[in-house]
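The values are calculated or read from the model by the stated rules, or taken from the named source; none is laboratory data. These numbers come from a predicted model, not from an experiment. Virtual Cβ from ideal backbone geometry, glycine too; neighbours counted across all protein chains shown. Only protein heavy atoms, including side chains, enter the accessible area calculation; ligands, DNA and RNA are left aside. Shrake-Rupley method; radii C 1.70, N 1.55, O 1.52, S 1.80 Å.
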There are 4 protein chains.
Amino acid sequence: MRRVRAGIIGGAGYTGGEMIRLLINHPAVDISFIHSKSNAGKPVTVVHEDLAGDTELTFNDEWHSEVDVVFLCVGHGEAKKFMEEHGGSFDGVLVIDLSQDFRLGAPGWVYGLPELNREEIRSAQAVANPGCFATAIQLGLLPLAKAGLLGDVYSTGITGSTGAGQSLSTTSHFSWRANNIQAYKTLSHQHLKEIGQSLRQLQASGEPAVHFTPWRGDFTRGIFISSQLRVDRSPEEVLGLFENFYKGHPFTIVSRNPISLKQVVNTNKCLIQLEQVGSQLVVHSALDNLLKGASGQAVQNMNLLFGLDETAGLRLKANAF
Amino acid sequence: MRRVRAGIIGGAGYTGGEMIRLLINHPAVDISFIHSKSNAGKPVTVVHEDLAGDTELTFNDEWHSEVDVVFLCVGHGEAKKFMEEHGGSFDGVLVIDLSQDFRLGAPGWVYGLPELNREEIRSAQAVANPGCFATAIQLGLLPLAKAGLLGDVYSTGITGSTGAGQSLSTTSHFSWRANNIQAYKTLSHQHLKEIGQSLRQLQASGEPAVHFTPWRGDFTRGIFISSQLRVDRSPEEVLGLFENFYKGHPFTIVSRNPISLKQVVNTNKCLIQLEQVGSQLVVHSALDNLLKGASGQAVQNMNLLFGLDETAGLRLKANAF
Amino acid sequence: MRRVRAGIIGGAGYTGGEMIRLLINHPAVDISFIHSKSNAGKPVTVVHEDLAGDTELTFNDEWHSEVDVVFLCVGHGEAKKFMEEHGGSFDGVLVIDLSQDFRLGAPGWVYGLPELNREEIRSAQAVANPGCFATAIQLGLLPLAKAGLLGDVYSTGITGSTGAGQSLSTTSHFSWRANNIQAYKTLSHQHLKEIGQSLRQLQASGEPAVHFTPWRGDFTRGIFISSQLRVDRSPEEVLGLFENFYKGHPFTIVSRNPISLKQVVNTNKCLIQLEQVGSQLVVHSALDNLLKGASGQAVQNMNLLFGLDETAGLRLKANAF
Amino acid sequence: MRRVRAGIIGGAGYTGGEMIRLLINHPAVDISFIHSKSNAGKPVTVVHEDLAGDTELTFNDEWHSEVDVVFLCVGHGEAKKFMEEHGGSFDGVLVIDLSQDFRLGAPGWVYGLPELNREEIRSAQAVANPGCFATAIQLGLLPLAKAGLLGDVYSTGITGSTGAGQSLSTTSHFSWRANNIQAYKTLSHQHLKEIGQSLRQLQASGEPAVHFTPWRGDFTRGIFISSQLRVDRSPEEVLGLFENFYKGHPFTIVSRNPISLKQVVNTNKCLIQLEQVGSQLVVHSALDNLLKGASGQAVQNMNLLFGLDETAGLRLKANAF
């Protein structure tokens, strides 16, 4: 089988680095180029120091189209600009964009959540990779939306520092963030829009409304969500909805045991656990914001685009501790 | 003024240790004895190593009644047993119990949340010191209860490892807890009972119902709560309710700026912040589980019992970082 | 090529868990059985929760010899006992022992540090896998020993909590270990013996003496060592000694840039950096104590034993953050 | 007794913040002004958020001389500039400088290590407060220097992130520093000069030489040092040297038990522990870099300057956990 040639735009950031870490070990992919304006000419190991000994690749500042797929790992707004500079498409090169620029119904783009849109992704030209919080919250709610059970949902989530990217700021300073917790973007996180879009895709009637309070967490990787809602079904029925929905989806796992964040850190998995008392349901979901929440899901989407095993290059050793 | 003579029962645990740390620097108190069966005869610095150089006190296994106040810092169930072994009272010695044994309407006991029951505490014989989560959640809801505004409340909270005491367990192991998050006692935390009792004390009608998901956090000290609820008042009115309620209470501070957990670590403060979008309100509250959530509040109660300045011995230097 | 059938004795501990994580993704190995007396009958995911969705394997309490290699992941002393119960050998089954029981010149055993004994390992029947601190310190000193340059060496090292295993103890409690540092086994760490044995293997004359102070660190994975010594060679000569020594060894990398611990966490690498001022040399070395310091190196040894690519199954995605 | 009026120059940084935290609770001091050019006019609680509810003070950008003592908490180089702008002195106002600008024998300045120069400090006009690493290393070596026993000393130290100040940099980013360790300024740390100056003050003959490798640690507060050296005295004799030297010094404590970093975090103490095997001695020392290593020691020096109890305002509750 012909190997997939991949290009990475914005290879010096966190998601770009994860793309490199994943693709250099992917059994069916070769990295053709890694674009980074500010680091052009430098070895990637200068920026991503953990890759010392693993790769001789260097950053460059030229993009070329002799690739099969390109990953856009640039900032929000930058992806759209990059596309416009190239006439809106790349001459048959497939595109997977990790920014939020094309997630909300942009023509020609498929929203890249495989558990929701797997078949559409397989034949897409352009995939808008979901946000990290958006993935974690949606995977906890999609089976309920499909059953038409969603009303008001009260979600609280916590995210690692890598979710905020590598730019320096007061709240990314170690002295501030270590041992600290803080809410931010309360009830107004930008991912609520794509979440709403997906829920309405599955649940036409009623008005699913997610009220979301995100917290900054004292760790580097991972997202943990607890979503509280009222549901008029028995625990067995609810569990059945989830197990049916995720049957055949290799990375989303409905656990009957308590889950914890570190079970998924450095993997492409999303773990889900249900707890119910009477009609009050709590759905816990956990994933690694840089993998299932970003670059891992992008590779999963690439696998679907090229007809590869959905898990190729994604059977990762968990950090575990 | 005569100095207060204090005894500590259960001085080897976390809350007992904090009692010692607070009382050795309290301007109006002398520690008469520190009881610990398992450590009798040992210097307290063997158990509480940070006290090296600060105290020559030793643990003993005898209790004597030549004290003015005794703090029960033993486990849940143990406090009641200890009281029973002494005929239910200590001959005029005032009692402050940090366990949950007497919090739910036990005859002769006052629930020791100064922001709720300050006057009753001043003249009490026995004070049941509130739970840590209970304090944090209540302080975020009391002004709303007083205004009769509470219905369903969806709270998520995160606590440091010291909240679980010093016993060894899988989830207290550093290799497990570092960089981890896990929900536990979902919708069934034992503090919900005392929370409900306090809310009903202020709000007779309606049915305030707190749905609470606690998380184990990746830090040692502190609790952070976000409580979500619907409220039909403007943000200004809601803020007014809180500012009025806590006027004159020195440790509960309504902040107009974003709050974070480390602002309160190693202090006796509870910080509260309100955020509202339309009729959706989120109340954040933060405190140190070992201080305002346990031993600090116990000292605050002692100050009230003996007519001392409510903040005596509690103007603590925050850890800050 | 015939696949390697592997058995794991002591699969419920930290190193046993890492063996499973590595072998289920190894391209040339099948796990035949995972032995754990205390967990026999349970799915391995009950103990190693991060493996949820990855494996259906269960623990058992019977060992069978239809395997090609067996990994002993039991405690110090237990490996020797297990061998004795089986007559000292396993009928042609190769053995890799991760305990310290056979590291000090036990007849029939090869000390499994590939950078020192690669050819002997290829044809061994039984391999004694080195200790974690021992690996990190030796890899920082072997090129100097080979050049006969070692005298007094002053080493300080820091290790993650997983180095102490999963047993519960005061110093493994999160509330104690978080944000803490403590020295232990000062000048008397048990790994000094195997270090001395290796150094004398390369440097016959002079008396290399390693004075070692280990610290407990505030993280779960990894070892970082700084070894200080006097050396009468130029920085270029010293660098040359290291680069020559490790040429062709895929996992030990001599870096010309500053190294940090997280570059190696969740990988099988050892990074080395040299800094010299006049005749004072400092050698920094870093590795993951559970991988290059234990289970990863065991897989590396297995690869050598069976003529596989030395890096098979060990091209791991770093945790990086 | 007349209260001491204090001014703080550079009140927005880490050491300035600690000065405020200490002085607002000091029994004999009033803060007259807090100078910060960039924050003039703002409440100090905007910068030091943990002080919410504790103080109404605001920053200003004017310095006035109606104070008894001024603390210079500005950056290295800035203190000297500030002094020059004011003609080199402040008209009888005593000065305590926390930068390194006047530590190396500047005329008119006393090196402010009370354990070394207590009597000189009492009558000084200007005190150069020692560096954090410098304090920790010196307190571990001074008794040996006084006995003339020092030769080559091999020290390794680890410091919290607050030691690097609040400026943003790659190595202060949470995503980099969490769970990480890195050496920096190997063998060339700027504090080696003031250490050498103090050692030569006590040991005229021989050539004490400290070879020092500092590490960046994964915590916010604290320094832990292990210094290795050869010494030809018995453990009892060495212990005696330390106990005699520090008799009467309230903050430096020679422990006969293992010490750990958190024993001193958020206190003004320095703990010292000795371990010896044959003629190899290891001295461990630990302190809080912002307190005994900076602002706490500055208050200790102020207490000496004004004839106050040396521990006034410095009996701090340890964070302990």
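Using θ = phi - 60° and the Karplus relation 6.51 cos²θ - 1.76 cosθ + 1.60, list the HN-Hα couplings for segment D:73-87 in order, rounded to whole Hz, with x at every Gly or Pro.
10, 9, x, 4, x, 6, 5, 4, 4, 4, 4, 4, 4, 10, x
Averaged over peptide D:182-193, how many Cβ atoms belonging to another chain are found within 10 Å of each residue's Cβ? Walk me through the numbers before you get to the answer.
Details: counts 10, 11, 2, 1, 12, 8, 2, 0, 0, 0, 0, 0.
For this peptide, the per-residue mean of nearby foreign Cβ atoms is 4.
If the limit is 28 Å between Cα atoms, which of A:LYS292/C:LYS269; A:LYS185/C:LYS262; B:LYS269/D:LYS262; C:LYS81/D:LYS262; A:LYS262/B:LYS37 go over it?
Working: A:LYS292/C:LYS269 25 Å; A:LYS185/C:LYS262 30 Å; B:LYS269/D:LYS262 22 Å; C:LYS81/D:LYS262 40 Å; A:LYS262/B:LYS37 38 Å.
A:LYS185/C:LYS262; C:LYS81/D:LYS262; A:LYS262/B:LYS37, as the Cα separations exceed 28 Å there.
Residue by residue through segment C:91-103, which ³J(HN,Hα) values in whole Hz follow from phi under the Karplus form 6.51 cos²θ - 1.76 cosθ + 1.60 (θ = phi - 60°), with glycine and proline marked x?
Using θ = phi - 60°, the values come out as 6, x, 6, 6, 10, 10, 9, 8, 7, 8, 5, 10, 7 Hz.
Run through the other copies and list how far each one's label point is from that of D:PRO258, in nm with one decimal, shortest first; the point sits 7 Å from Cα along Cα-Cβ.
Nearest first, the other copies' label points are 2.8, 3.1, 4.0 nm away.
Give me the summed buried accessible area for the C-D pair, 1.4 Å probe, to the nearest 100 Å².
3300
Kindly express, to the nearest 10 degrees and within the range 0 to 90, the angle between helix A:295-305's C-alpha long axis and the longest C-alpha principal axis of chain A.
Approximately 80 degrees, to the nearest ten.
List, by residue number, every residue in segment B:202-241 with a reduction of 20 Å² or greater in accessible area between the chain on its own and the complete protein assembly, 1.4 Å probe.
B:HIS211, B:THR213, B:TRP215, B:ASP218, B:PHE219, B:THR220, B:ARG221, B:PHE224, B:SER226, B:GLN228, B:ARG230
Considering the rotation that carries chain D onto chain B, locate the chain D residue whose Cβ comes closest to its axis and report the distance in whole Å.
Residue of D nearest the axis onto B, distance in Å: D:ASN319, 2.
Which value, in debye to the nearest 20, gives the size of the charge dipole of the protein assembly as shown about its Cα centre, when Lys and Arg are +1 and Asp and Glu are -1 at the Cβ?
0
Taking a 1.4 Å probe, which of D:PHE245, A:PHE224 shows the most accessible area, and what order do the others take after it?
Solvent-accessible surface, decreasing: D:PHE245, A:PHE224.
Which of B:ILE96, B:LEU51, B:PHE33 sits farthest toward the positive end of the charge dipole of segment B:16-164, with +1 on the Cβ of Lys and Arg and -1 on the Cβ of Asp and Glu?
Working it through, the farthest residue towards the positive pole turns out to be B:ILE96.
How many angstrom separate the Cα center of segment A:170-204 from the Cα center of segment B:113-152?
Using only Cα atoms, the two centres lie 31 Å from each other.
Which of these, D:HIS211, D:HIS173, D:HIS191, has the largest mean-square fluctuation under a Gaussian network model of chain D (Cα springs below 10 Å)?
Judging by the Gaussian network model, the answer is D:HIS173.
Looking at C:GLY163, C:ALA136, C:THR213, which one has the Cα that reaches farthest to the positive end of the dipole of segment C:132-287 (charges on Cβ: Lys, Arg +1; Asp, Glu -1)?
C:GLY163
What residue among D:LEU281, D:LEU291, D:LEU187 has the largest mean-square fluctuation in a Gaussian network model of chain D, using Cα springs under 10 Å?
D:LEU187
How big is the charge dipole of segment C:132-287 about its Cα centre, in debye rounded to the nearest 20, if each Lys and Arg gets +1 on its Cβ and each Asp and Glu gets -1 on its Cβ?
Around 420 debye, computed over segment C:132-287.
Give me the percent of the accessible area of the protein assembly as shown that comes from carbon and sulfur atoms, probe 1.4 Å, all protein chains in place.
47
For D:ASP101, what residues show an amide H to amide H distance below 5 Å, using hydrogens built from the backbone and excluding near sequence neighbours?
Counting only residues 5 or more places away or on other chains, the set is D:GLY77.
For chain C, what does the helix formula give at 222 nm: sum of -39500 (n - 2.57) over DSSP H segments with n ≥ 4, over the residue count, nearest 500 deg cm²/dmol?
That comes out to -7500 deg cm²/dmol.
Mind grabbing the accessible area of B:LYS80 for me, 1.4 Å probe, Å², rounded to tens?
Counting only protein heavy atoms, B:LYS80 exposes about 100 Å² to solvent.
Over what distance in Å are the Cα centres of segment C:32-83 and segment D:228-253 separated?
Taking the Cα centre of segment D:228-253 as reference, the centre of segment C:32-83 is 51 Å away.
Which aspartates and glutamates, if any, have their Cα less than 20 Å from the Cα of A:LYS42, not counting same-chain residues under 8 positions apart?
Here the aspartates and glutamates satisfying the reach criterion relative to A:LYS42 are A:GLU18, A:ASP30, A:ASP50, A:ASP54, A:GLU56, A:ASP61, A:GLU62.
What's the angle, to the nearest 10 degrees (0 to 90), between helix C:192-202's Cα axis and the longest principal axis of chain C?
Here the helix axis deviates by roughly 70 degrees.
Roughly what angle does helix B:14-23 make with the longest principal axis of chain B, taking Cα atoms, 0 to 90 degrees, to the nearest 10?
80
As a test of reading the structure, rank B:SER167, C:SER38 by solvent-accessible area (1.4 Å probe, protein chains only), most first.
Ranking B:SER167, C:SER38 by accessible area, largest first, yields C:SER38, B:SER167.
Using each residue's phi in segment D:144-157, evaluate 6.51 cos²θ - 1.76 cosθ + 1.60 at θ = phi - 60° and report the 3J(HN,Hα) Karplus result to the nearest Hz, with x for Gly and Pro.
Going residue by residue, I get 6, 5, 4, 8, x, 9, 8, x, 6, 10, 10, 10, 10, x Hz, with x marking Gly and Pro.
Defining the label point at 7 Å along Cα→Cβ, can you sort the distances from D:THR170 to the same site in each other copy, shortest first, in nm?
With the label placed 7 Å along Cα→Cβ, D:THR170 yields 2.6, 4.1, 4.1 nm.
Would you kindly work out, in nm and rounded to one decimal, the distances from the label point of D:GLU84 to those of the same position in each other copy, ordered shortest first, with label points 7 Å along Cα-to-Cβ?
5.1, 7.6, 7.8
Given the protein chains as shown and a 1.4 Å probe, how many square angstrom of C:ASP152 are accessible, to the nearest 10?
70
Solvent-accessible area of A:GLU66, probe 1.4 Å, all protein chains present, reported in Å² to the nearest ten, please.
My reading of the accessible area for A:GLU66 is about 120 Å².
With unit charges on the beta carbons (Lys and Arg positive, Asp and Glu negative) and the dipole taken about the Cα centre of segment C:132-287, which residue among C:ALA145, C:PRO258, C:LEU287 sits farthest to the positive side?
Value computed over the given set: C:LEU287.
What are the trypsin sites (Lys or Arg not before Pro) within segment D:232-311 that DSSP puts in a loop, where the Cβ has at most 10 other Cβ atoms within 10 Å?
Filter output for segment D:232-311: D:LYS247, D:ARG256.
5 Å is the cut-off here: which amide hydrogens, built 1.01 Å from N in the peptide plane, fall below it relative to B:VAL70, excluding neighbours closer than 5 in sequence?
Residues meeting the criterion, in which the H sits 1.01 Å from N, are B:GLY7, B:LEU94, B:VAL95, B:ILE96.
Filter the trypsin sites (Lys or Arg not before Pro) in segment D:143-187 down to the DSSP loop ones having no more than 11 other Cβ atoms within 10 Å, then list what survives.
Here no loop site has a sparse enough neighbourhood.
For the protein assembly as shown, what is the percent of antiparallel DSSP beta bridges, rounded to the nearest 5?
45
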